[in-house]
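> Sending over a structure as structure tokens; questions will come in a sec.
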Amino acid sequence: MAQPPSVSSQDIARVLENVKDPQTGKNLLAYGHLEGCSLTEGKLSVAFAVAREHAQTISALCNDAARQLETLPGVQSASIILTAHRPAGAAAKPKAATGGHRPLGGMAPADGNAPILPGVKTIIAVASGKGGVGKSTTATNLAVGLGLEGLKVGLLDADIHGPSLHRMLGATGKPEVIDGKLQPVEAWGIKAVSLGMLVDEKAAMIWRGPMVMGAINQLLTDVTWGDLDVMVVDLPPGTGDAQLSLTQKVPLTGAVIVSTPQDIALIDARRGVTMFEKVNVPVLGLIENMSYFCCPNCGHNTELFGHGGAKKEAEAMGVPFLGEVPLLADIRASGDKGVPGIIENPDGEGAKAWRHIAHTVAEMLRPQLQK
């Protein structure tokens, strides 16, 4: 049986030697060295170590290098991940000086001290203590619902390891780049950006904390968001480094916690509420998703996961209860179809629940929007 094609480090080095900095005439290997490479199903990943002071120069050449690597036998797509190290004993420079980790490539902003999202009036995080509770479905329908309330809305998919909002919005193709800035995709009355719009859906984002936060930072600062009344941020599940770092990076107006009714999910929802309280981010409220199953044939409601747990938890913790959303096949189907449920079936029980929640959140935000 024929062996699959392989690429050696010598092959990659020869390609990198041909990519030169037009300003200095130096090739890529003059700035750093290969740390490793892997070729899986035609996808080549190259780790290239450089000194921090050369990171901006190198990142500008990576796109050209990746295109040339794709000419190697067996390589269908190529990506270069920069690993910048500072010398032992050297003091750490401010992130603004080097642009920090930039896993999506491109040049760091010239003014590292510029305010983040200057045209965005309010920012809402949609979070959950655990995965599988419908957080991304909630973020999508809440964002579109706020748009239906007459607000200018942006939707950021910060779930780097499991980006899905592009599918739920029916967004295809990559966002346009103008003057080095990504242009958000416009769908269903809102602007949206997701890492899923930029990478192969089959690609696994095997990134550690600094790379994850680097990608989130780029989706915040390297995108032309424009003037927005509210940005909805779909956070990764859990209460880890990405969540805490984002709360320090941008001034969150508040957070919405999503849970299902059963006790095991509510335990994690409590952790989410506690995390935001510790970092002084107001909790706008809890949403009970998959609150009950409504039979499409007879209309009977079945409480598959229990019922009312999130409401009781909200009362116990002293935070608002925003509403309950039923478990419906229509909601699942609309997400797969790329049409938010609030649009697909506006008279359905799910859409009515989303409209109520969106209206409640919009009323919470209006005092700040009127400042």
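Here is a yes/no grid of residues against (1) surrounded by fewer than 23 Cβ atoms within 10 Å (Cβ to Cβ); (2) assigned by TED's automatic domain parsing to the domain that holds residue 59; (3) modelled with pLDDT of 80 or more; (4) out of contact with any Gly (no Cβ under 7 Å at 6 or more places or on another chain):
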site: 185; (1), (2), (3), (4): yes, no, yes, yes
site: 190; (1), (2), (3), (4): no, no, yes, no
site: 195; (1), (2), (3), (4): no, no, no, yes
site: 204; (1), (2), (3), (4): yes, no, no, yes
site: 221; (1), (2), (3), (4): yes, no, no, yes
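> Separate question: Residues of region 309-348 being out of contact with any strand residue (DSSP E or B) (no Cβ under 8 Å at 6 or more places or on another chain), of a type outside the set (S, T, N, Q) and assigned to a loop (DSSP other than H, G, I, E, B), which ones?
Across region 309-348, the qualifying residues are 318, 338, 339, 340, 346, 347, 348.
> Of the residues that sit in region 118-153 and are modelled with pLDDT under 80 and on the phi > 0 side of the Ramachandran plot, which one is surrounded by the most Cβ atoms within 10 Å (Cβ to Cβ)?
134
> Just name the residue that is farthest from residue 343 (Cα to Cα) out of those in region 161-174 that are at pLDDT below 80 and part of a loop (DSSP other than H, G, I, E, B).
Here the residue is 161.
> Starting from residues that are under 14 Å from residue 289 (Cβ atoms) and touching a helix residue (DSSP H, G or I) at 6+ places or on another chain (Cβ under 8 Å), keep the ones in region 331-341 and report whichever is surrounded by the fewest Cβ atoms within 10 Å (Cβ to Cβ).
Filtering region 331-341 for residues that are under 14 Å from residue 289 (Cβ atoms) and touching a helix residue (DSSP H, G or I) at 6+ places or on another chain (Cβ under 8 Å), the one surrounded by the fewest Cβ atoms within 10 Å (Cβ to Cβ) comes out as 335.
> Still on this structure, I have one more. Looking only at residues in region 354-371 that are more than 25 Å from the chain's Cα centre (by Cα) and at pLDDT 90 or above, which one is surrounded by the most Cβ atoms within 10 Å (Cβ to Cβ)?
Residue satisfying both the conditions and the ranking: 356.
> Further question on the same structure: May I ask you to say which residue of 238, 254, 299 is crowded, with 16+ Cβ neighbours inside 10 Å, of a type outside the set (Lys, Arg) and modelled with pLDDT under 80?
Only one candidate passes the filter, namely 238.
The values are calculated or read from the model by the stated rules, or taken from the named source; none is laboratory data. Keep in mind that this is a model prediction, so the values were computed, not measured. No Cβ is skipped: glycine too gets one built from the backbone with ideal geometry, and neighbour counts run over all protein chains shown.
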